[in-house]
Amino acid sequence: MSAAIRPATPADVGAMVALMLELAEFEKLTHLFVATDADLRDALFGARASAEALVAEDGGRLVAYALFFHNYSTFLGRRGLYLEDLYVQPSQRGSGLGTAMLRRLAALAVERGCGRFEWTVLDWNQPAISFYEKMGATVLQDWRVVRVTGDALDKLAASA
């Protein structure tokens, strides 16, 4: 692996958004992609930053990123580390970069006293599922993601 993993900086925002668009293309979800450089800059570096990121740089260009934030488990009574995205460009897959990024995040979770480290994976992405299971992760079959967005979110909020 020749890429160097480091915390994201404000200078990385544009390249990170480009990688996020690549992820949306891979997941066939570009119709949902509306994030901008300003959105990401605010989320990572704004006055009320809500996320953090690691990036991997190879030859002066970003080739991977991991965006994460803290959540909280009432059952464990501790915060957790939630991985929103892990994306490694196809040319870098198989190099150990994804494994290195997950290990770095696991170490960060332990260092911060987190009770767990978790993320979601699309059910059709069998290569990713196999990769995660090989690393010791458990894919929870009994849980489903629940989401409210757009007009439905506005309608729910208006009913309060």
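Read-outs: derived from the displayed coordinates by stated rules, not from any lab. Everything numeric in this text was worked out from a predicted model, so none of it was measured. All Cβ positions, glycine included, derive from the backbone under ideal geometry; neighbour counts span all protein chains shown.
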What's the center-to-center distance, using Cα atoms, between the stretch 1-50 and the stretch 71-127 in Å?
-> 16 Å
Using modelled amide H (1.01 Å from N, peptide plane; none on Pro or chain starts), what sits under 5 Å from the amide H of GLU84, excluding residues fewer than 5 places away?
-> LEU67, PHE68, PHE69
With each label point set 7 Å from Cα along the Cα-Cβ vector, what nm distance links ALA137 and VAL110?
-> 1.8 nm
Value of [θ]222 nm, deg cm²/dmol, for the chain, DSSP H segments ≥ 4, -39500 (n - 2.57) each, nearest 500 | -10500 deg cm²/dmol
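Divide, for the chain, the radius of gyration over alpha carbons by 2.2 N^0.38 Å, where N is the residue count. Write out the running numbers ahead of the final one.
Details: Rg = 16.4 Å, N = 160, 2.2 N^0.38 = 15.1 Å.
Ratio of Cα Rg to 2.2 N^0.38 Å: 1.09.
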Candidates per GluC sites (Glu not before Pro) in the stretch 1-88, loop by DSSP, up to 16 other Cβ within 10 Å = GLU27
